[in-house]
Structure formats: structure tokens, C-alpha cells
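One structure below.
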């Protein structure tokens, strides 16, 4: 399987690296901000940060965007919609919606690592309408029913 990446900015591959795996065991590719000027996200605000690339997610897979954990832990930055989904038929620019949940402004510079892209298989089961669902030991017991 190959992930096709299309640079949309002349900065990609020169000033800004192509997506890459940061370590041999990394499960996701690092994505970078591709900006003409820094963007500051004020507390409780959000912004869409361009990456300067488009990607062709292979059929039968989905691209899953996650914020870098260091941004969340150190700076209270999260994805604006908690998870990003890139369908295999989308070919447009990859923009990363970020939200500042902290109390201080956060500035993103061009080239900053802002998110990660995982490519994972997708199952698309047929929908079957039923009168009853199969029985399990847990049943309908919900939130907190399996422990703390």
C-alpha cells in the first residue's frame, strides 16, 4: 500500500518537511503547519491550520487525524472536532482544526508539527434492522457499569 501525497505549496519539501514517521515504531505521520505568517489561537478559540498538502487515502482505509499529545498536555491544544476523518474519496487540502482550551494564547509557526495522520483499515458492514440485539453478559448496562 502507498499513501500518495500531493504538495500544494512550494514550501513543502524545502522549508516544510513532507509528512514523516518520527520514529521506527511511530503509528502515525507527523503533519506540519504550512503558513505565510504565524497564527495565534486565543483561549477558547479555534482555527484551521493548513498543511500545504493533499493526500489520496487508499480505498478501504481512512485517514485519522490526531493532535500531537505534547500540544494537548503542554499547551491545552486539541482538535476542534476531537477527531479528524479523511475519507478515501477526498482529494482536497488537509487542514487541521485546532482549539485552544487553555488560558493563554498559543501561536503556531510555519513548520510546527501540529498533528498526526494514521491510515487505518475500514470495515463497512451492511445494516440489518432487527427486533432484538444478541444477548451479552453486560447487556444494556452503560456508563460506569464495568468499573470506575
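The values are calculated or read from the model by the stated rules, or taken from the named source; none is laboratory data. Quantities reported herein were computed from a predicted structural model and do not represent experimental measurements. Cβ placement follows ideal geometry from the backbone for every residue including glycine, while neighbour counts extend to all protein chains displayed.
Go through 77, 49 for me and flag whichever is within 17 Å of the chain's Cα centre (by Cα) and either more than 30 Å from residue 103 (Cβ to Cβ) or modelled with pLDDT of 95 or more (or both). 49 is the lone residue from the list that is within 17 Å of the chain's Cα centre (by Cα) and either more than 30 Å from residue 103 (Cβ to Cβ) or modelled with pLDDT of 95 or more (or both).
Filter region 11-30 down to residues that are under 17 Å from residue 109 (Cα atoms) and either in contact with a strand residue (DSSP E or B) (Cβ under 9 Å, 6 or more places away or on another chain) or part of a strand (DSSP E or B) (or both), then give me how many there are.
Taking region 11-30 first, the residues under 17 Å from residue 109 (Cα atoms) are 11-19, 30.
Still in the running and either in contact with a strand residue (DSSP E or B) (Cβ under 9 Å, 6 or more places away or on another chain) or part of a strand (DSSP E or B) (or both): 11-13, 16-19, 30.
Summing the residues that are under 17 Å from residue 109 (Cα atoms) and either in contact with a strand residue (DSSP E or B) (Cβ under 9 Å, 6 or more places away or on another chain) or part of a strand (DSSP E or B) (or both) in region 11-30 gives 8.
For region 18-30, which residues satisfy the criterion of being touching a residue at least 40 places away in the same chain (Cβ under 8 Å) and surrounded by 13 or more Cβ atoms within 10 Å (Cβ to Cβ)? If the condition is that a residue be touching a residue at least 40 places away in the same chain (Cβ under 8 Å) and surrounded by 13 or more Cβ atoms within 10 Å (Cβ to Cβ), then 19, 28, 29, 30 are the ones that fit. The residue of region 60-100 that is nearest to residue 44 (Cα to Cα), among those that are surrounded by 20 or more Cβ atoms within 10 Å (Cβ to Cβ) and touching a helix residue (DSSP H, G or I) at 6+ places or on another chain (Cβ under 9 Å), is 100. Could you tell me which residue of region 113-148 is nearest to residue 41 (Cα to Cα), considering only residues that are surrounded by fewer than 10 Cβ atoms within 10 Å (Cβ to Cβ) and within 26 Å of the chain's Cα centre (by Cα)? Step by step, filter region 113-148, then rank; the result is 121.
Annotation: of all residues in region 43-82 being without any contact (Cβ under 8 Å) to a residue 24 or more places away in the chain and in contact with a strand residue (DSSP E or B) (Cβ under 7 Å, 6 or more places away or on another chain), the one that is farthest from residue 17 (Cα to Cα) is 81. The residue list 110, 103 contains one member that is surrounded by 16 or more Cβ atoms within 10 Å (Cβ to Cβ) and in a loop (DSSP other than H, G, I, E, B), which is 110. Residues of region 31-40 that are part of a strand (DSSP E or B) and crowded, with 21+ Cβ neighbours inside 10 Å: 31, 32.
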